[in-house]
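Take a look at the structure below.
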Amino acid sequence: MTRARLRRLVEAFAGARILCLGDLMMDEYVWGRATRISPESPVMVVEVDRETSVPGGAANVVHNLLALGASVSVVGVVGEDAAGAALRARLAEEGADVSGVLAEPGRPTTRKTRVVAHHQQVLRVDRERAAPLPDDVRERLEACIEGLARTADAIVVSDYDKGVICSPTARAAIEAGRRRGVPVAANAKPRNAACFAGASLVSLNASEADAVAGEPAFSAGDRLEPAGRALREKIGVDTLVVTRGAEGLMLWERDGACRHVPAHPVEVYDVAGAGDTVISVLTLGLARGVEPAEAAEAASLAAAVVVRKVGVAVVTAQELLDAGG
């Protein structure tokens, strides 16, 4: 992709109206120094310097979309707790419409707390309840999807298998997109991949694709092309994208085309959240009528920017342009 084409594409992202549905989380970081071993047990003692937090999961997709200039409406669930209130307020402060974020009593906001010492993650603590939503909450979510989709240029579903995404909810998003005439993209987990039949695009990483396919074709790479065609047909989507780390991205489309988008060689510090960046850029490309293969080129470049950062991070429009040379 030429620099001029990348600039036109990034400029087109600004103002795109995206509806983001999924599992909202808060990613928390405890930063410090490991200077000794505990006398109580053979573990490191981390002396804490500071603590930070950023939106995670589907909220990180929202964060990425906003950083690239999109207008975003959010549909999801948080707990009736301080973390949920903070996450909702954070997204609202950044410009997202959070009218579709519901609070469920008795369900904690998903929090992933990472302890980082000398730029290395040494421990992660998860606080969550990954259970299906009660029917009344799910029905309220589906009503939010229907209402907010009326002004969307695209819908993206960020599935972290924490209970928000199920077959009826995924179907509500796909049908809302069909009625609106806009693309629906999803970052799916293996358990829910079949829920996205009829979507415009589904993205999986190699291990997830292996799990859905029932064979290690995508991580091993010895029979990628036929395996991808079969998996796209199995899920029932227009375009299947499989991310393969340093091997780049692979796309399979309904017309039978298989395309490889190479990764950009960079020093990788942290891959956390890279999938969120990829699906965000892919969705923005689809929203602006860009062919999936070209959107994937921009997504690969964006992923190269974000993996050079420590922790869950986003890529801005200017960073994406700078990375394109």
Note down all Cβ pairs under 6 Å where the first residue falls in the stretch 23-44 and is modelled with pLDDT under 95, the second is assigned to a loop (DSSP other than H, G, I, E, B), and they're at least six residues apart or on different chains.
Asp27/Val312; Tyr29/Gly311
Filter the stretch 6-54 down to residues that are surrounded by 14 or more Cβ atoms within 10 Å (Cβ to Cβ) and assigned to a helix (DSSP H, G or I), then give me how many there are.
6
Taking the stretch 101-127 and keeping residues within 20 Å of the chain's Cα centre (by Cα), without any contact (Cβ under 8 Å) to a residue 60 or more places away in the chain and either within 23 Å of Arg308 (Cα to Cα) or surrounded by 13 or more Cβ atoms within 10 Å (Cβ to Cβ) (or both) leaves Leu102, Arg124, Arg127
List the residue pairs whose Cβ atoms are under 6 Å apart, where the first residue sits in the stretch 53-80 and is touching a residue at least 40 places away in the same chain (Cβ under 8 Å) and more than 28 Å from Arg7 (Cβ to Cβ), the second is part of a strand (DSSP E or B) and among the small types (Gly, Ala, Ser), and the two are 6 or more positions apart or on different chains.
Ala58/Gly22; Ala58/Gly76; Ala58/Ser158; Val74/Gly100; Val75/Gly100; Gly76/Gly22; Val78/Ala103
Among the candidates Arg259, Arg232, Arg244, which residue alone is surrounded by 15 or more Cβ atoms within 10 Å (Cβ to Cβ), of a type in the set (D, E, K, R) and under 19 Å from the mean Cα position of the chain (by Cα)?
Arg244
Can Ser280 be described as touching a helix residue (DSSP H, G or I) at 6+ places or on another chain (Cβ under 9 Å) and either assigned to a loop (DSSP other than H, G, I, E, B) or under 19 Å from Val156 (Cβ atoms) (or both)?
yes
Please name all residue pairs, on different chains or six or more residues apart, with Cβ atoms under 6 Å, provided the first residue is in the stretch 1-21 and is over 14 Å from Ala317 (Cβ atoms) and the second residue is of a type in the set (Ser, Thr, Tyr) and modelled with pLDDT under 95.
none
Within the bounds of the stretch 161-171, is there any residue that is surrounded by fewer than 24 Cβ atoms within 10 Å (Cβ to Cβ) and touching a strand residue (DSSP E or B) at 6+ places or on another chain (Cβ under 7 Å)?
yes
Between Ala272, Ala246, which is outside any loop (DSSP other than H, G, I, E, B) and modelled with pLDDT under 90?
Ala246
Got a number for residues in the stretch 129-150 being in contact with a Lys or Arg (Cβ under 6 Å, 6 or more places away or on another chain) and modelled with pLDDT of 95 or more?
1
When (1) farther than 23 Å from Leu24 by Cα; (2) of a type in the set (Val, Ile, Thr); (3) at pLDDT 85 or above are applied to Val278, the one that fails is (1)
Determine whether the stretch 191-200 contains at least one residue that is surrounded by fewer than 20 Cβ atoms within 10 Å (Cβ to Cβ) and in contact with a strand residue (DSSP E or B) (Cβ under 7 Å, 6 or more places away or on another chain).
no
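The values are calculated or read from the model by the stated rules, or taken from the named source; none is laboratory data. In this text the structure is predicted, and so the values were computed from the model without any measurement. Quick reminder, even Gly has a Cβ in these numbers, built from the backbone with ideal geometry, and neighbours come from all protein chains shown.
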